[in-house]
Amino acid sequence: MSLENALILTFKDKLARDVLVIPSLPEVAMSVCDAVESDEMSLRDIGELISRDAGMAARMIKLSNSALFGAQVKAITIQDAANRIGLKAIRTIALAMAMEQLYVSQNEVVFELLENNWKRAMQVACSASALLSLNRSASHIDMEVITLAGVVHNIGVLPVLFEMERLPKVSSDVDLMVKVAHSLKAEIGMRLLEKWDFDPSILCAVKELTVGVPPKSGPLNVADFICAAAIATGAVTFPGRDQASVLAAYIERGVLADESVLSSPEYLNLYRDMMNSMS
């Protein structure tokens, strides 16, 4: 048995026995989630919580001023941003922004892989958000849920890379780590998101990314936009299938009018605005 297959079987066994180490959500994200669910906390209180993380507060203000929120008056403080974003959305956006804190490692090889995965996550989140903003048939989908779904679409690589980081014979082999993480990211990602009690629509998006085939009917959903964005940005590929034909299924579904949308000024401006706000 090859080392790659042995590692995959080991991870699957740990997952089945529920002994795979799952990272905890960042503290600031947990604090905001708890505050939102508390009847005693106001938007002002939540804004003060967020302000304890200067980086998150700055990004939250930038995001509230972006075209995605149709800002007419510039938000200056975290309180301005919290009021504009609203209680419902701020929990999800805080979660999305805090995820970057998980992508750290003392191992240079693993850190580079984590950094690459985070960049792809951001690209998918920003692309999906831009596509949603341009779509007039998907007003029932919340922008913040799309953003979070994009950020965590490949979250399953984290436990895999962290486990392999501790194995000297493995942690220096980039190709091996990439192959093993790719094989397991969907299955482990869904388990991780279940543990974190994420919205079922986000889990569905991670699952659909393994097949790249949208439903033939029904309203547009989170998975449609995440899959279209992941295909458009090259974050996912499907061996034996042409990327253009895979994307065509989502064009037919109505996620975007045609492939030219991805090079249009409207899409690119929204994409860049979102990327700037989240960085």
Between residues in the range 52-71 that are exposed (fewer than 15 other Cβ atoms within 10 Å of the Cβ) and residues that are among the β-branched types (Val, Ile, Thr) and assigned to a helix (DSSP H, G or I), which pairs lie under 7 Å by C-beta distance while being six or more apart or on different chains?
ARG52/VAL28
So in the range 227-279, with the set limited to residues that are in contact with a Pro (Cβ under 9 Å, 6 or more places away or on another chain) and assigned to a helix (DSSP H, G or I), which one is surrounded by the fewest Cβ atoms within 10 Å (Cβ to Cβ)?
GLU252
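Residues checked against (1) touching a Gly at 6+ places or on another chain (Cβ under 7 Å); (2) without any contact (Cβ under 8 Å) to a residue 12 or more places away in the chain:
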{"position": "LEU158", "(1), (2)": "no, no"}
{"position": "SER171", "(1), (2)": "no, no"}
{"position": "LEU203", "(1), (2)": "no, no"}
{"position": "VAL213", "(1), (2)": "no, no"}
{"position": "ILE226", "(1), (2)": "yes, no"}
{"position": "SER264", "(1), (2)": "no, yes"}
How many residues of the range 140-177 are surrounded by fewer than 18 Cβ atoms within 10 Å (Cβ to Cβ) and polar (S, T, N, Q)? The answer is 1
Please enumerate the residues belonging to the range 71-86 that are among the polar types (S, T, N, Q) and under 15 Å from ALA57 (Cβ atoms).
THR77, GLN79, ASN83
It is to be established whether one or more residues within the range 20-27 are more than 23 Å from the chain's Cα centre (by Cα) and under 26 Å from LYS195 (Cα atoms).
no
Which is surrounded by fewer than 22 Cβ atoms within 10 Å (Cβ to Cβ), closer than 30 Å to PHE162 by Cβ and either touching a residue at least 40 places away in the same chain (Cβ under 8 Å) or polar (S, T, N, Q) (or both), of SER105, SER137?
SER105
If we ask which residues in the range 104-145 are basic (Lys, Arg) and in a helix (DSSP H, G or I), their number turns out to be 2
Which condition from (1) crowded, with 22+ Cβ neighbours inside 10 Å; (2) over 29 Å from ASP18 (Cβ atoms) is the one that LYS216 breaks?
(1)
Quick one: TRP196 ticks every box in (1) within 23 Å of CYS126 (Cα to Cα); (2) at pLDDT below 95; (3) in contact with an Asp or Glu (Cβ under 7 Å, 6 or more places away or on another chain) except a single one, so which number is it?
(3)
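In the set LYS207, LYS179, LYS216, which member is part of a loop (DSSP other than H, G, I, E, B) and basic (Lys, Arg)?
Step by step, each of LYS207, LYS179, LYS216 is checked, and only LYS216 is part of a loop (DSSP other than H, G, I, E, B) and basic (Lys, Arg).
The values are calculated or read from the model by the stated rules, or taken from the named source; none is laboratory data. Note that the coordinates shown come from a computational prediction; the quantities given were computed from them, not determined experimentally. Ideal geometry is used to build each Cβ from the backbone, glycine not excepted, and the neighbour counts take in all protein chains shown.
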